[in-house]
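Q: I'd like to ask you about the structure that follows.
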Amino acid sequence: MKFVVVGGGAGGLELVTKLGETLGRRGRAEVTLIDRSRTHLWKPLLHEVAAGSMDIHAHQLDYLAQARWHRFTFVLGALTGLDRARKEVLVAAVRDDEGVQILPERRIPYDTLVIAIGSESNDFGTPGVRENAFTIDNAWDAHLFHRRLVNACFRANFADDGRVFNIAIVGAGATGVELAAELHNTIRVLAAYGLKGFNPETQIRIRVVEAGPRILPGLPEYIAEETLKTLQGLNVEVLIGERVVEVTSDRVKTATGRDVPADFVVWAAGIRAPAVLRELDGLESNRANQLVVRNTLQTTRDDDVFALGDCAATPWRGKPPRGQDQEAGKTVPPRAQAAHQMSSHLVTTFKRQLAGKPPKPYHYRDFGSLVSLGHYQTVGTLMGFVSGGTLRLEGYLAKLFYISLYKLHIWALHGFWRMALDTLARMIRRQTEPKVKLH
Ligand SMILES: Cc1cc2nc3c(=O)[nH]c(=O)nc-3n(C[C@H](O)[C@H](O)[C@H](O)COP(=O)(O)OP(=O)(O)OC[C@H]3O[C@@H](n4cnc5c(N)ncnc54)[C@H](O)[C@@H]3O)c2cc1C
């Protein structure tokens, strides 16, 4: 039996690791992971990489190494198409930085296929975004943004002319507001490492521009209110009800006619699944390019093709959490916790499949939401812990739960002891490293 998973992200990598450890190790199945990248970085860390509070090299995981440790095969290359009649995945050729071909186009056979290629920023066709804005979709984007930021600080320090740098973050979802707070902190730490001619208090202006009536749409009001208070306390300007209609090289223009000065623009205003899913050999997709799946995570038109995580439109029949509108209850939200749950569900499904049993339906369980504003504040809600109700959290306890999400991912990939040792090693290493990435 050949299980092929495309996309080694929050959901896909956990899935192949668990399948390799169980079915692969016992020789009951061949497990293959296809990813366009050579390394994995847990996506919720990207804003920290962009701000410089996290070094990607310390957190990236090599797919080849993980494959060797957990009995699956890794295939490098991007998904470009699907041949459902022949049950083959089409994978693009791979080229090096100079454009020389390393690997040709390939066809990878499968019996059961899982598509888990996540999502990317949605610019909604807004003019100038592609040319003038950064997106933080992957480790490389985040790294490039950080390098430009450090360069700007160096330049300002050398020029010593008091020029103000304007940063505009478009979209006040979790990514946008978390990035604003991280940037506020890391720029100050960076300046403290000897940039004497540069004063972040007067020379950096961070603005978050949101089209909707409030920040953190889709999250409970309580989280939005606490987050707004913290951002305002940090002097981050939050513009509400301002839909961006154009991004130029030095400003962001909104539908109300407002011109927001911007030397750096980060676009974090929404997501969609990659365009390759739009017409994937007749599979059903929605307007956000997500593959439409049934509650078994099987695509609507092919029982042997499953989808999970951000790239799947998965029915959510549960009651939406208090404070969220009914619309949010339609499909499972694009979250790491959902991708994690779906990967666990599919491990059970595939074991049942090998035993000749039908798949069971997947039910999303919302454990709540947490928003981390760097070391300034963490705020959120946990669901179902206190007699089935909602528990409001903030401060140190909220931070602990926030960090535990990543620790659970590391646990799923490496086991408990390696996760514990890794945590200890990082605590020790932090004492001997700069607090932010300085290059
Ligand atoms: C800055 C930021 C902060 C976030 N914070 C949180 C949070 O606090 N809590 C939370 O629950 N969620 C958070 N999220 C959302 C969370 O990261 C996603 O919901 C989650 O990563 C989705 O998992 P996935 O497995 O579907 O996709 P991903 O983790 O995005 O993985 C997709 C994988 O597919 C690969 N891929 C893409 N295209 C192709 C292709 N054509 N061919 C082959 N491979 C391909 C990619 O290289 C990647 O490895 C955050 C997201 C961002 C950007």
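Q: Got a sec to turn the phi values of region 19-30 into Karplus ³J(HN,Hα) couplings, 6.51 cos²θ - 1.76 cosθ + 1.60 with θ = phi - 60°, whole Hz, x for Gly and Pro?
A: 5, x, 5, 9, 6, x, 4, 8, x, 8, 7, 9
Q: Kindly report, to the nearest 10 Å², the accessible surface of His375 as traced by a 1.4 Å probe over protein heavy atoms only.
A: 130
Q: Also, I was wondering about something else. Please turn the phi angles of region 239-249 into ³J(HN,Hα) values with the Karplus equation 6.51 cos²θ - 1.76 cosθ + 1.60 (θ = phi - 60°), one per residue in order, whole Hz, x for glycine and proline.
A: 3J(HN,Hα) across region 239-249, in whole Hz: 9, 9, x, 10, 7, 6, 10, 7, 10, 10, 5.
Q: Roughly how large, in nm² to one decimal, is the mean projection of the convex hull of the alpha-carbon atoms in region 51-196?
A: Result: 13.3 nm².
Q: With Rg and the Kirkwood Rh both taken from Cα atoms, where does Rg over Rh land for region 139-271?
A: Across region 139-271, the Cα-based Rg/Rh ratio is 0.97.
Q: Next up: Kindly write out, for region 128-135 in residue order, the coupling ³J(HN,Hα) from the Karplus curve 6.51 cos²θ - 1.76 cosθ + 1.60 (θ = phi - 60°), rounded to whole Hz, with x marking Gly and Pro.
A: So the J values, rounded to whole Hz, are x, 5, 4, 7, 10, 10, 8, 10.
Q: Right, something else. Where in region 36-103 are there trypsin sites (Lys or Arg not before Pro) that are in a DSSP coil and have at most 14 other Cβ atoms within 10 angstrom of their Cβ?
A: Arg38, Arg86
Q: Would you work out the Kirkwood radius for region 221-312? I mean one over the mean of 1/r across all pairs of different Cα atoms, in Å.
A: Over region 221-312, the inverse of the mean reciprocal pair distance is 16.7 Å.
Q: When the accessible area of the chain is computed with all protein chains present and a 1.4 Å probe, what percentage of it is carbon and sulfur?
A: Heavy-atom surface of the chain belonging to carbon and sulfur, 1.4 Å probe: 52 percent.
Q: In Å, what Kirkwood hydrodynamic radius results for the chain from the alpha-carbon pair distances?
A: Final number for the Kirkwood radius of the chain is 22.9 Å.
Q: I'd like the accessible area for Ser249, computed on protein heavy atoms only with a 1.4 Å probe and all protein chains in place. Round to 10 Å², please.
A: 90
Q: In the Gaussian network model of the chain, springs joining C-alpha atoms below 10 Å, which of Lys196, Lys399, Lys407 carries the largest mean-square fluctuation?
A: Highest fluctuation among the options: Lys196.
Q: Once the Cα atoms of helix 139-159 and of the chain are each reduced to a long axis, what angle between those two axes, in degrees from 0 to 90 to the nearest 10, is obtained?
A: Around 10 degrees separate the two axes.
Q: Output the pairs from Lys357/Lys407; Lys18/Lys229; Lys2/Lys43; Lys330/Lys360; Lys43/Lys196 with a Cα-Cα distance over 30 Å in this structure; if there are none, say none.
A: From the list (Lys357/Lys407; Lys18/Lys229; Lys2/Lys43; Lys330/Lys360; Lys43/Lys196), the Cα-Cα distance tops 30 Å for Lys357/Lys407; Lys18/Lys229; Lys43/Lys196.
Q: Checking the a/c ratio against 1.5 first, then a/b against b/c, what shape does the Cα gyration tensor give for region 1-97?
A: Oblate, because a/c is 1.5 or more while a/b does not exceed b/c.
Q: Right, here's the next one. Where a ≥ b ≥ c are the square roots of the eigenvalues of the C-alpha gyration tensor, would you call region 360-422 rounded, which needs a/c under 1.5, or, failing that, prolate if a/b is larger than b/c, or oblate?
A: oblate
Q: Now for a different question. Do you know the relative contact order of the chain, to the nearest whole percent, from alpha carbon pairs under 8 angstrom that are 6+ apart?
A: Relative CO of the chain lands at 17 percent.
The values are calculated or read from the model by the stated rules, or taken from the named source; none is laboratory data. Predicted model, so just to flag it, every value in this text is computed and none were measured. Methodologically, a virtual Cβ is constructed for each residue, glycine included, from the backbone with ideal geometry; neighbour enumeration extends over all protein chains shown. With ligands, DNA and RNA removed, areas are computed over all heavy atoms of the protein, side chains included. Shrake-Rupley method; radii C 1.70, N 1.55, O 1.52, S 1.80 Å.
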